[in-house]
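Quick one: the structure is below, questions incoming.
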Amino acid sequence: MVAQNGKDLLIKLDLNGGGQFETIAGLRATRISFNAETVDVTSLESQGGWRELLGGAGVRSASISGSGVFKDAATDERARQIFFDGEVPDFQVIIPDFGIVQGPFMITSVEYAGAHNGEASYELSMASAGVLSFTAL
């Protein structure tokens with residue numbers, strides 16, 4: 001894989017629940033992380049005293065974060081609605097030359113900021129809330 005342009009890592013949200021995904025406008029920085037909890041099954045019989053983990057067990061999760069400036073009323077309004085209504089809609093994350101991750105996410109935090117001589121900005125954090133799918137590009 002060759003170097004990729006950071007602006008091509010996109011977070012898209014389902015605007016109406018019908019599978020119509022639109023990029024969250026104004027994002028300047030995006031991040032997705034995948035996590036897997038481990039299940040330790042080490043016992044006195046573990047060879048050499050080495051830790052043993054149970055494969056295929058534990059909880060898997062993903063988190064998404066992004067920050068940017070206000071550029072589009074529709075996606076800003078939808079993100080706000082999702083947060084205040086406690087909705088868990090589908091999101092897509094486009095990872096350039098890798099694939100598309102799609103599934104339900106909950107917006108866990110929304111932060112707004114602005115300086116008197118600068119633009120208003122926002123930060124979003126989201127946590128996976130169900131099964132995620134991956135489609136290779």
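With unit charges on the beta carbon (Lys/Arg positive, Asp/Glu negative), name the residue among L13, G26, T108 whose Cα is farthest towards the positive pole of the charge dipole of the chain.
G26
Here is a follow-up. What is the packing order of peptides 110-119, 67-76, taking the mean over residues of other C-beta atoms within 10 Å and listing the highest first?
Values: 110-119: 9.7, 67-76: 14.6.
Taking the mean over residues of other Cβ atoms within 10 Å, the ranking is 67-76, 110-119.
Residues with amide H under 5 Å of T108's amide H, sequence separation 5 or more or different chain, H placed in the peptide plane at 1.01 Å from N; which?
Correct list: S125, M126, A127.
With θ set to phi - 60°, apply the Karplus curve 6.51 cos²θ - 1.76 cosθ + 1.60 along the range 38-46 and write out the HN-Hα couplings as whole Hz, x wherever there is a Gly or Pro.
9, 10, 7, 10, 5, 9, 4, 8, 4
If you don't mind, there's one more thing I want to ask. Return the sequence-ordered ³J(HN,Hα) values of the range 114-125 in whole Hz as given by the Karplus equation 6.51 cos²θ - 1.76 cosθ + 1.60 applied to θ = phi - 60°, using x for Gly and Pro.
Ordered by residue, 3J(HN,Hα) equals x, 9, 4, 10, x, 7, 6, 10, 9, 9, 10, 10 Hz.
In whole Hz, with x marking every Gly and Pro, tabulate ³J(HN,Hα) for the range 57-70 from phi via Karplus 6.51 cos²θ - 1.76 cosθ + 1.60, θ = phi - 60°.
9, x, 9, 9, 8, 9, 9, 10, 9, x, 9, x, 10, 6
F91's amide H: which non-local residues (gap 5+, or another chain) put their own amide H closer than 5 Å, with H modeled 1.01 Å from N in plane and none for Pro or chain starts?
G103, F105
Direction-averaged shadow area of the convex hull around the Cα atoms of the chain, nm²? Could the numbers behind the result be given before it?
Values: hull surface 48.2 nm².
Directional mean of the projected Cα hull area for the chain stands at 12.1 nm².
Placing +1 at every Lys and Arg Cβ and -1 at every Asp and Glu Cβ, with all other atoms neutral, what dipole size does the range 6-136 have around its Cα centre, in debye to the nearest 20? Present the calculation step by step, with values, prior to reporting the outcome.
Numbers: 9 positive and 17 negative charges, 43 e Å.
Computed charge dipole of the range 6-136: roughly 200 debye.
What is the spin-label model distance, in nm, from N16 to V69 if the labels are put 7 Å beyond Cα along the C-beta direction?
A separation of 3.0 nm, rounded to one decimal place.
Next question, about the same structure. Report the paramagnetic label zone for R80: residues of the range 117-137 whose backbone N is under 17 Å from a point 7 Å from Cα along the Cα-to-Cβ axis.
120-125
Once both axes come from the Cα atoms, what is the angle between helix 73-85 and the longest principal axis of the chain, in degrees from 0 to 90, rounded to 10?
50 degrees
Where a number appears in this text, it was derived from the coordinates with a stated rule and is not lab data. Treat the numbers as computed from the prediction; the structure is a model and nothing was measured. All Cβ positions, even for glycine, are placed from backbone atoms using ideal geometry, and neighbour counts span all protein chains on display.
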